[in-house]
Amino acid sequence: MKSNTNAGNPAYSNAACGKLLAAALTTLFCAAPAQAQDQKAASVGTVVVSATRSDTPLQDLPASAVVITAEELKALPGTTLDQKLASVPGLDSFRQNGIYSFSATVSMRGLGTSDQGRTLVLLNGVPVNTSATGSVNWNRLNIEDIERIEIIKGPGSLTYGADAAGGIINIVSRRPDGKTRASAAGEYGTYDTYSLKGSAEGGSDRFYVQGSGYYMKSDGYISTPSDQRNAYTTAKNALEQDAGLKAGYKISEKSRVDAAYSFYDGLRGEGTKRLAADGTSRRYRTNFGTLAWTAENNGVSWKADAYYQNERYGRVNEGTSATYSRTDTDGHRIDAGARASATLRHGDWLTLTPGVDFTRGSVDMTDTNMVSLAETTDRGKMLLYAPFVQAQAKALDGKFTALAGLRYDGASFRDGYYYNPTNPGWSALNGDLPNHDWHQFSPKLSAGWQYSDTAYQYASYAKGFHAPSLEDMCLSLQRGSRVTEANPNLEPETVHTWETGFRLNPVAGLSIEPAAYYTIGRDFMYSVNTGRTVNISGVKPIYQKQNVGKVEIYGADMGARMDLGMGFALNGSYTYTHSKIQEFDQSPELVGKALTYDPKHTVYLGAGWEDPKLLGLQGGWRWKDGQYTDDANTATINAWSDVSAKVWTNAFERIQLSLAVDNILDEKHMESDTDECPGRTLTAALSWQF
């Protein structure tokens with residue numbers, strides 16, 4: 001990270017500006033939505049579930065929606081799922097250390113990558129965000145098992161509640177068909193990284209069962225800039241394993257039940273080691289289970305599901321000062337819920353979907369000072385109950401489509417507690433924390449018009465609701481070079497978004513999807529420098545999540561794809577966002593400042609060719625604008641870009657070979673003040689279907 005001498009704008013070079021302009025023009029005139037925007041995503045056969053909680057053809061959906069198929073996903077640049085999603089217009093991802101990052105975020109449309117909790121991530125329709133932090137463990141999501149990804153941009157609180165204020169990403173796993181098959185794959189790459197994965201499945205016409213496993217180990221790299229290293233600096237590394245089991249039974253032709261369970265264990269070294277076996281490190285062990293029932297009777301479709309997620313979080317934190325210090329963290333972040341909805345269709349012109357959701361989240365953490373054996377404790381619970389109703393209508397021979405609905409969210413914070421005997425600076429927060437109850441209505445109204453077979457426009461208004469994360473309310477701790485202080489009186493935020501967009505197919509083979517939006521956020525939860533400091537291994541500033549009175553966010557994004565024939569295709573996306581704090585009584589000096597970790601411009605351009613019987617090639621270039629990293633807009637991350645490529649062979653019926661190169665130009669850009677990215681990485685892979 002570098003301080004910016006021009007505090008009004010993140011620094012980027014004239015050359016970078018030229019690249020941006022060229023990329024934007026290329027995107028505007030000859031490309032098409034990030035690879036997700038295949039023309040079949042606009043076809044009648046494509047069905048989107050996540051936008052409405054019912055099967056809705058994409059062409060009938062008055063919203064900004066993207067569908068990514070499994071084939072398209074594998075060709076996108078990046079190693080992890082969140083990195084691949086960064087090429088979608090309107091989306092931004094933050095992963096500073098590649099596969100060695102213990103956390104990553106994906107955000108939408110100017111809401112910033114500092115808070116995953118505004119973008120809801122679903123796995124087969126059930127949430128994987130934790131109530132404790134709002135975060136998603138992107139490392140545990142299995143790319144190989146994905147059938148498609150549905151992305152709905154804009155507030156989705158009507159159908160999914162408190163974590164969908166910015167949008168929804170629904171990851172849909174492949175459902176086995178009961179046939180016996182198996183697969184195995186291995187990868188080897190830079191920094192002595194290797195992985196093994198396999199799956200097997202079988203069953204009958206009415207029953208299926210599938211088991212899968214994954215193992216990855218990497219020696220890693222030293223991410224600390226050379227001028228910040230000391231005697232305890234070491235490589236960031238990664239070790240993870242995952243096992244999963246799925247089963248399903250078709251009760252009748254119109255009724256079925258599906259169940260899934262997975263266990264993930266991931267350990268990541270953070271680049272410092274003194275005495276502990278793994279040095280300063282974090283470990284995530286997650287048990288995740290779901291049970292779903294679907295049925296249809298007399299024109300009514302029913303869906304009900306339940307889920308349970310237990311993320312056991314552990315950390316060893318060794319200090320690097322002259323006097324040895326070590327703090328061990330152990331705790332549970334538990335989320336559970338149940339949901340039910342019904343879909344009633346009246347002919348082909350009206351669809352009603354009422355439903356109800358219940359979720360319960362909790363956090364229970366203990367930090368132990370391994371020198372003094374003093375313990376710091378934080379815990380709390382969040383309960384949410386939400387009924388909703390939604391109506392979809394079509395008229396004028398299907399040219400006009402509309403969607404309207406209303407949701408009520410009742411949220412409660414209970415049993416909050418924080419105690420830290422080791423630092424007198426926290427004594428004012430020690431003890432039981434106050435209970436809170438919140439109530440919110442979230443409406444949505446959208447409509448669309450089919451001008452012709454090649455042009456469709458939609459317009460919408462939606463209100464989003466986002467409850468505070470538990471750890472923002474009940475946990476004070478050191479995060480890097482700063483300390484974050486709990487705010488037990490943090491209130492929920494709301495966002496109001498107006499949007500319009502088009503789905504265009506002006507000529508055969510070309511699809512273009514531009515969109516523009518305007519958002520007002522009220523009581524916006526934002527990390528603010530309190531102006532106070534605390535002495536923890538040196539003087540550090542104290543930050544706290546606070547409610548900003550009003551923020552303004554507006555922008556536009558566009559994706560396009562052009563199929564050139566003979567297996568050639570161009571694709572690209574461009575995103576523009578502008579954010580500003582408009583009202584903030586507690587810190588009026590921040591009025592007019594931009595939100596942190598919110599780049600104004602991002603660009604992706606890609607080109608590919610594939611012969612189904614020979615091989616495939618895919619290349620991509622991504623450019624990301626500079627970002628502010630502090631609330632006062634005095635420090636920035638410079639703009640950066642990377643180039644990637646992948647080649648794979650289709651010459652063998654059951655065997656596929658591939659080679660991927662990320663960050664070909666080996667640019668060591670930074671997305672924080674203490675870390676460089678991994679640079680150029682190569683990954684060779686072999687997979688076998690049998």
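A few comments on the model shown:
- Per-residue Karplus couplings for segment 514-522, computed as 6.51 cos²θ - 1.76 cosθ + 1.60 with θ equal to phi - 60°, are listed in order as x, 8, 9, 8, 9, 10, 10, x, 10 Hz, Gly and Pro entered as x.
- For the chain, average projected area of the Cα convex hull in nm²: 28.4
- Per-residue Karplus couplings for segment 125-135, computed as 6.51 cos²θ - 1.76 cosθ + 1.60 with θ equal to phi - 60°, are listed in order as x, 10, x, 10, 4, 8, 5, 5, 10, x, 7 Hz, Gly and Pro entered as x.
- Rg of the Cα atoms in segment 270-324, relative to 2.2 N^0.38 Å, amounts to 2.23.
- Net dipole in debye of segment 145-220 [+1 Lys, Arg Cβ; -1 Asp, Glu Cβ; about Cα centre; nearest 20]: 240
- Backbone amide hydrogens, once placed in the peptide plane, bring Asn124 within less than 5 Å of Ile171, Val172, Ser173, excluding anything fewer than 5 places away on its chain.
- Take each peptide in 550-561, 369-380, count the other Cβ atoms within 10 Å of every residue, and average; sorted highest first, the result is 550-561, 369-380.
- Ordered from longest to shortest, the equivalent ellipsoid semi-axes for segment 210-264 are 46, 10, 7 Å, each the square root of 5 times a Cα gyration tensor eigenvalue.
- Segment Leu686-Phe358, extension gain: residue separation times 0.36 nm, minus the distance between their alpha carbons: 113.8 nm
- Given charges at beta-carbon only (K, R positive; D, E negative), |dipole| of the chain in Debye: 500
- Long pairs among Lys197/Lys254; Lys84/Lys197; Lys246/Lys444; Lys84/Lys593; Lys74/Lys600; Lys273/Lys545, criterion Cα-Cα beyond 26 Å: Lys197/Lys254; Lys246/Lys444; Lys84/Lys593; Lys74/Lys600; Lys273/Lys545
- Counting only residues at least eight positions apart within a chain, or on another chain, the aspartates and glutamates with an alpha carbon under 13 Å from that of Lys303 are Asp55, Asp258, Asp357.
- Fewest-first sequence of Leu614, Leu61, Leu239 by Cβ atoms within 10 Å of each Cβ: Leu614, Leu239, Leu61
- Dmax and Rg, reported as Rg then Dmax, of segment 574-690 (C-alpha, Å): 20.5, 65
- With both labels modelled 7 Å from their Cα along Cα-to-Cβ, the Thr454 to Arg482 distance reads 5.0 nm.
- Arg181 paired with Ser204, simple spin-label distance in nm, labels 7 Å along Cα-to-beta-carbon: 2.1
- Under 5 Å from the amide H of Ala374 lie the amide H atoms of Asn369, each residue being 5 or more positions distant or on a separate chain, with H modelled from the backbone and absent for Pro and chain starts.
- Under 18 Å of direct C-alpha separation, and excluding same-chain neighbours fewer than eight residues apart, Lys624 reaches these aspartates and glutamates: Asp82, Asp92, Asp557, Asp598, Asp642, Asp662, Asp666, Glu667, Glu671, Asp673, Asp675, Glu676.
- Convex hull of segment 427-486 built on C-alpha atoms - directionally averaged projected area, nm²: 8.2
- Note on segment 64-171: with charges restricted to the Cβ of Lys and Arg (+1) and Asp and Glu (-1), its dipole about the Cα centre is near 220 debye.
- Protection proxy ranking of 622-631, 135-144, by the mean of other Cβ atoms within 10 Å over each peptide's residues and highest first, is 622-631, 135-144.
- Dipole of segment 284-382, positive direction: furthest Cα of Leu344, Val316, Thr359, with charges on the beta-carbon: Leu344
- Sum of -39500 (n - 2.57) over DSSP H runs of 4+, divided by residues of the chain (222 nm, nearest 500): -1500 deg cm²/dmol
- Inter-label distance, nm, simple model (7 Å from Cα along the C-beta direction), Leu196/Phe652: 1.8
- For the chain, share of DSSP beta bridges that run antiparallel, in % to the nearest 5: 95
- For segment 232-338, the alpha carbon convex hull comes to 105 Å³ per residue, rounded to a whole number.
- Each residue of segment 205-213 is assigned a 3J(HN,Hα), and the resulting list reads 5, 10, 9, 9, 9, 9, x, 8, x Hz, derived from the Karplus form 6.51 cos²θ - 1.76 cosθ + 1.60 (θ = phi - 60°), x at Gly and Pro.
No lab work stands behind these numbers, since they all come straight from the coordinates. Everything quoted here is computed from the prediction, not taken from an experiment. Every residue, glycine as well, gets a Cβ built from its backbone with ideal geometry; the counts of neighbours run over all protein chains shown.
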